[in-house]
Amino acid sequence: MGSYELSLVTLAAIYVMLALSLNLITGFCGQISLGHAAFFGAGAYAAALLTKSGWPLAPALVSGAVLAAAFGFVVGLASLRVRHDFLAITTMGVGFLFIGFVRKQQGLGGELGLSGIPDHGLGPWGLAALTVTLAAATAALSLHIRRVWAGQAFAAIADDEDTARALGIDVMRYKLTAFVLGTALAGLAGGLFAHFTRFIIPDAFGFTVSISILAMVIIGGIGSTWGVLAGAVILTLMPELFRFINDYKLLLYGGLLLLVMRFAPGGLAGGIAALTARLRGAT
Amino acid sequence: MTALLEVEGVGVRFGGIQALDDVSFALAEGELLGLIGPNGAGKTTMLRAITGVIRPNPGRIRLAGADITDFSTDRRARTGLALTHQIVKPLRAMTARDNVALAAGHAKTTNVLAALFAIDRTKELARADELLRLVGIENHADAMPSTLPLGALKRLEVARALALDPKVLLLDEPLAGLNHVEAARLADTIVDLNRAGMSIVLIEHNLGEVMRICPRLMVLDNGRRIAMGAAKTVMEDPFVRAAYLGREAGDAAA
Ligand SMILES: Nc1ncnc2c1ncn2[C@@H]1O[C@H](COP(=O)(O)OP(=O)(O)OP(=O)(O)O)[C@@H](O)[C@H]1O
Ligand SMILES: [Mg+2]
């Protein structure tokens with residue numbers, strides 16, 4: 001594998017982490033977030049500043065995740081009480097606030113972004129191996145959550161909050177837990193991204209990125225770990241492999257979103273499940 | 001007889017409508033109390049105030065001696081209040097058995113952190129099967145709610161409420177929408193539950209079944225308690241008759 005392929009693997013793994021982390025919030029727990037990139041950015045900036053000031057990579061990445069989770073906790077506390085559509089708008093606002101804030105901070109490089117992020121020292125193979133391992137760990141965590149009691153509670157909340165409450169489930173705490181877990185993982189992905197590109201600008205964490213992550217979740221199949229993983233890989237690689245698509249990336253995502261909503265609301269995962277069911281039925 | 005559930009001076013206002021006005025009553029341990037009244041009398045609102053979906057103002061609610069007025073809905077559920085909805089509300093994404101098992105696992109979902117590690121559902125699934133059998137829909141255990149007829153969904157509501165191991169079971173029109181035979185069967189199930197020691201408040205429009213199974217009745221009309229006592233006495237009460245007849249006369253005129 002050349003360095004170009006390795007960089008594609010790394011980038012895809014980062015997006016897998018992002019999409020799976022949003023899937024914890026939106027897919028498992030039913031809370032639509034349109035500002036996920038802000039937490040990705042919070043982790044990226046925090047980790048980058050820390051390694052720039054001499055911290056080793058590992059504690060910087062962990063701190064980025066913790067900071068993003070703290071940010072997620074505050075946003076969650078303020079917005080999760082309100083109903084679904086409100087949450088979407090609130091998180092969108094948080095996303096814009098984040099960008100607006102970062103742009104004006106000289107300490108964060110303002111519009112020009114942060115450059116000169118130190119070499120992670122792992123080499124391209126090392127970084128790819130690290131991100132793939134962490135993406136796999138995120139997938140394993142997702143599969144685990146589906147199996148435990150908390151997963152059942154999340155599913156109940158995604159289905160009908162009032163009924164979940166009547167069954168003794170502390171809805172607010174569960175939503176907040178999903179939000180904190182999801183934003184922590186987005187922050188971790190951010191730290192990896194910052195050290196992968198070694199140069200970050202505010203726009204790398206803007207609204208279109210939030211929407212792209214959400215598109216991966218929906219196109220992959222909301223709530224399905226394997227579907228979302230596949231969706232993230234496909235949507236990351238397609239524009240990279242076919243350069244001509246790159247200029248039309250948003251057009252592609254938008255078109256796919258419309259197609260999925262119209263023809264396969266369950267996304268890739270739902271489509272495949274329906275197809276295998278039909279094939280089984282035919283034999 | 002000691003009072004298990006005490007409702008004291010409950011008032012609820014929705015904008016210009018006084019849905020409940022200074023209503024008090026007590027449910028004794030092991031009692032089956034019928035709550036009746038014309039449409040819009042405030043029966044569902046009373047149950048919602050008891051379960052905490054809406055906050056009474058003024059009013060206090062006590063369960064087994066403890067004041068639960070300031071508890072959230074989920075905490076009240078864990079404290080021992082279970083409700084079946086007038087309009088069935090199964091969790092559509094899971095099977096009938098999983099619906100009941102989730103409620104049976106209330107002790108395991110109480111603590112979020114512990115729930116992130118607890119996997120074993122053997123006991124709860126067994127309990128779910130037991131309850132589905134109790135309400136007579138064990139053959140639907142693996143079905144998704146969207147495929148079930150209303151009669152089964154009504155029973156699923158009851159099974160799920162029982163899975164919370166409640167001190168008090170609040171039933172909001174469990175018989176509505178069922179045919180004669182189904183209604184009588186579910187009413188018998190309710191009597192069996194009560195005989196086994198469950199304390200129950202039953203809202204029902206099916207007066208025939210109510211008279212058959214409830215020894216004591218409370219009547220609401222326009223948010224006020226207009227009668228309370230032995231079923232027979234209550235039904236002969238001129239105010240109660242007027243409330244129902246007046247309503248029917250009004251409907252006929254409309
Ligand atoms: N959420 C609400 N907002 C505004 N008004 C409400 C609300 N819920 C109930 N009401 C009103 O309060 C009154 C009591 O309603 P409630 O549902 O408690 O009656 P009910 O006795 O359960 O009637 P039914 O037998 O038709 O179920 C009605 O006038 C109703 O329109
Ligand atoms: Mg009602």
Requested in this report: May I ask you to derive the FRET efficiency for B:M144 and A:L112 from their Cβ-Cβ distance with R0 = 51 Å, giving the value to the nearest 0.05?
Outcome: 0.40
Report task. Along each of the three principal axes of the Cα atoms of segment B:87-165, give the extent in whole Å, ordering the values from largest to smallest. Result -> 37, 21, 19
Query raised in the report: When the solvent-accessible surface of protein heavy atoms is calculated with a 1.4 angstrom probe, in what order do A:S53, A:S21 fall, highest first?
Result: A:S53, A:S21
Report task. Would you mind computing, in nm to one decimal, how far apart the modelled labels at B:R62 and A:L257 are, each placed 7 Å from Cα along Cα→Cβ? Result -> 5.6
Query raised in the report: Per the 1.4 Å probe, what fraction of the accessible area of segment A:118-206, in percent, lies on carbon and sulfur atoms?
Result: 64
Query raised in the report: With the Cα gyration tensor of segment A:170-283 giving a ≥ b ≥ c as the square roots of its eigenvalues, does the rule (a/c under 1.5 for rounded; else a/b larger than b/c for prolate; else oblate) give rounded, prolate or oblate?
Result: oblate
Query - More than 24 angstrom apart: percent of Cα pairs within chain A - result: 49
Report summary line: Of all DSSP beta bridges having both residues in the protein assembly as shown, the percent classed as antiparallel (nearest 5) is 55
Query raised in the report: Relative contact order, percent, of segment A:1-144 when contacts are C-alpha pairs under 8 Å separated by at least 6 residues?
Result: 37
Requested in this report: Just the number, please: buried accessible area between A and B, total of both chains, 1.4 angstrom probe, nearest 100 square angstrom.
Outcome: 2400
Report task. Any of A:K52/A:K249; B:K89/B:K232; A:K175/B:K43; B:K108/B:K154; B:K43/B:K167 with alpha carbons more than 28 Å apart? Name them for me. Result -> A:K52/A:K249; B:K89/B:K232; A:K175/B:K43
Query raised in the report: Once phi is turned into ³J(HN,Hα) by the Karplus curve 6.51 cos²θ - 1.76 cosθ + 1.60 with θ = phi - 60°, what whole-Hz value does each residue of segment A:32-45 show in order, with x for glycine and proline?
Result: 6, 10, 9, x, 4, 4, 4, 6, 4, x, 4, x, 5, 5
Requested in this report: Calculate the length of the line joining the C-alpha centroid of segment B:129-188 to that of segment B:212-228, in whole Å.
Outcome: 24
**Report entry** Helix-only mean residue ellipticity at 222 nm for chain B, each DSSP H run of n ≥ 4 adding -39500 (n - 2.57), per residue, nearest 500
**Finding:** -12000 deg cm²/dmol
Requested in this report: Using a 1.4 Å probe and ignoring any ligands, DNA or RNA, find the accessible area of A:V75 and quote it in Å² to the nearest 10.
Outcome: 10
Requested in this report: Mind telling me which of B:V181, B:V219, B:V12 comes out most flexible in a GNM of chain B, alpha-carbon contacts under 10 Å?
Outcome: B:V181
Query - Shape call, the protein assembly as shown: gyration tensor on alpha carbons, a/c limit 1.5 - result: prolate
Query raised in the report: Cα centroid distance between segment A:199-216 and segment A:142-173, in Å?
Result: 29
Requested in this report: Sum -39500 (n - 2.57) across every DSSP H segment of at least 4 residues in chain A, then divide by the residue count to get the 222 nm mean residue ellipticity, nearest 500.
Outcome: -25500 deg cm²/dmol
**Report entry** Efficiency of FRET from Cβ geometry, A:A274 and B:I87, R₀ 30 Å, rounded to 0.05
**Finding:** 0.50
Query raised in the report: Which of the listed residues, A:L214, B:L131, B:I200, is farthest toward the dipole's positive end in the protein assembly as shown, when Lys, Arg count +1 and Asp, Glu count -1 at the beta-carbon?
Result: A:L214
Query raised in the report: For segment B:59-76, what does the Karplus curve 6.51 cos²θ - 1.76 cosθ + 1.60, with θ = phi - 60°, yield as ³J(HN,Hα) per residue in whole Hz, taken in order and with x for Gly and Pro?
Result: x, 10, 10, 10, 10, 6, x, 8, 6, 10, 4, 8, 7, 6, 4, 5, 5, 5
Report summary line: Toy charge model, Lys and Arg Cβ at +1, Asp and Glu Cβ at -1: chain A dipole around Cα centroid in debye, rounded to 20, equals 220
Query raised in the report: Carbon and sulfur: what percent of segment B:87-165's accessible surface (1.4 Å probe)?
Result: 60
**Report entry** Amide proton proximity set for B:L35, modelled H, under 5 Å, gap of 5+
**Finding:** B:L202, B:I203, B:E204, B:M218
Query raised in the report: Can you give the accessible area per residue of the protein assembly as shown, in Å², using a 1.4 Å probe?
Result: 43
**Report entry** Rounded FRET efficiency, nearest 0.05, which uses the C-beta distance separating B:A242 from A:F86 and R0 of 41 Å
**Finding:** 0.35
Report summary line: proj_area_mean for chain B (convex hull on C-alpha atoms), units nm², value 14.8
Requested in this report: Determine how large the accessible area of B:D165 is when every protein chain is in place; take a 1.4 Å probe and give Å² rounded to the nearest 10.
Outcome: 80
**Report entry** In order through segment A:91-106: 3J(HN,Hα) via Karplus (6.51 cos²θ - 1.76 cosθ + 1.60), integer Hz, x for Gly, Pro
**Finding:** 5, 4, x, 4, x, 5, 4, 4, 4, x, 5, 4, 4, 9, 9, 4
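The values are calculated or read from the model by the stated rules, or taken from the named source; none is laboratory data. If you're wondering where the values come from, they're calculated on a predicted model, not measured in any experiment. We place every Cβ from the backbone using ideal geometry, glycine too, and count neighbours over all the protein chains shown. For the accessible areas, the whole protein counts, side chains as well, though only heavy atoms, and no ligand, DNA or RNA atoms are used. Shrake-Rupley method; radii C 1.70, N 1.55, O 1.52, S 1.80 Å.
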